[in-house]
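Okay, so here's the structure we're looking at.
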Amino acid sequence: MRVLSSVLFITAGVVAQTVRGPYEQCGGTGRPDDRCSAGWQCTTYNPYYAQCVPAATSAPAASSTAAVSPTPLPSSPPFVITTSSSRAITTLTTVTTTSTQGGSSPGPVVPTPTTLQSGWYWIRAVATPNYRSYLQPQPTSTPVPRAAVLANSKTAAQFQLTSGQLVQNNFGNSPNLYLNVENPTDKTQRRLKTWFDTKPNAYGAFGWQGDTLIWTVSDINRPNSAAWLVCGDNKEVFINTGAFLWDTPAGCFDHTIHSYNGAQADV
């Protein structure tokens, strides 16, 4: 009986760790430190949040460095690493529409792509509530500037990062669109609006950390350069200047957004 009691005492002291899947939260203030599934590692972004990221790639973290080229990215479940040579090149069929609405500029008519072009990326969220929703300008039928949103994979835009600019592929129509960021008077403002325009972004620079899209600027000290907010029914995309998953503004959700080089924008 004495031996049995000892065994029960030891067993009761064991705390089981939950196994987290790709890009799920695995730690942070107020929650247990879980472990990640095989091939993934739990990496801390800040005291409040840790996430499962590919063990072979660098995790996003706060940084003031210039934009760097992306590393090879997961293709599709089970997230086999591919190189740029595997990206499909295809001829796109486009649907052309002409806007009759007023605005400061008509802007280019952007076709709806079906296959990823060589050297370009889809950009998407990888966690709920916007899992596999894709970055794109909306509505495409209106003049620029257009809101930056996360929306359906069927209208997903394709992107390339060039000299700190995030450029949307316009598939031969000139000019391309650029993701722009609000330059606030109050540098403590919690969220910064983003939008697509024919003019290059004049505030801050975009870059990659692993497959994660970051934005940095010299006059705002962001705790996490990979932090984004997705807000409202239209799922508009904002820069999060505060801590990730901490004091999130009402009506918004914290996200990181990631490049994806699968041939199609999967759902």
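Just so it is clear, none of the values below were taken in a lab; they were calculated from the coordinates. Just so you know, these numbers come straight off a predicted model, no measurement behind them. Every residue, glycine as well, gets a Cβ built from its backbone with ideal geometry; the counts of neighbours run over all protein chains shown.
What FRET efficiency comes out for the pair ALA55/ASP219, r = Cβ-Cβ distance, R0 = 35 Å, nearest 0.05?
Working: r = 35 Å, r/R0 = 1.00.
Result of the calculation: an efficiency of 0.50.
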(request) Compute the FRET efficiency between LYS154 and ASN183 as 1/(1 + (r/R0)^6), taking r as their Cβ-Cβ distance and R0 = 41 Å, and round to the nearest 0.05. (result) 0.80
(request) Label segment 150-239 by shape, choosing from rounded, prolate and oblate, from the square roots a ≥ b ≥ c of the eigenvalues of the Cα gyration tensor; if a/c is under 1.5 it is rounded, and otherwise prolate applies when a/b is larger than b/c, oblate when it is not. (result) prolate
(message) Is there a quick way to get the dipole size of segment 140-202? I mean about its Cα centre, with the Cβ of Lys and Arg at +1 and of Asp and Glu at -1; what is the value in debye to the nearest 20?
(response) 160 debye
(request) May I have the pair-distance distribution P(r) for segment 218-267, computed from all Cα-Cα distances with 10 Å bins from 0 and rounded to whole percent? (result) 24, 42, 27, 7
(request) Treat each spin label as a single point 7 Å out from the Cα along the C-beta direction, and report the ARG190 to GLN17 distance in nm. (result) 3.4 nm
(request) Post the alpha-carbon centroid distance, segment 178-236 to segment 118-139, in whole angstrom. (result) 15 Å
(request) Take the Cβ-Cβ distance between GLN41 and ALA202 as r, set R0 to 45 Å, and report the resulting FRET efficiency rounded to the nearest 0.05. (result) 0.75
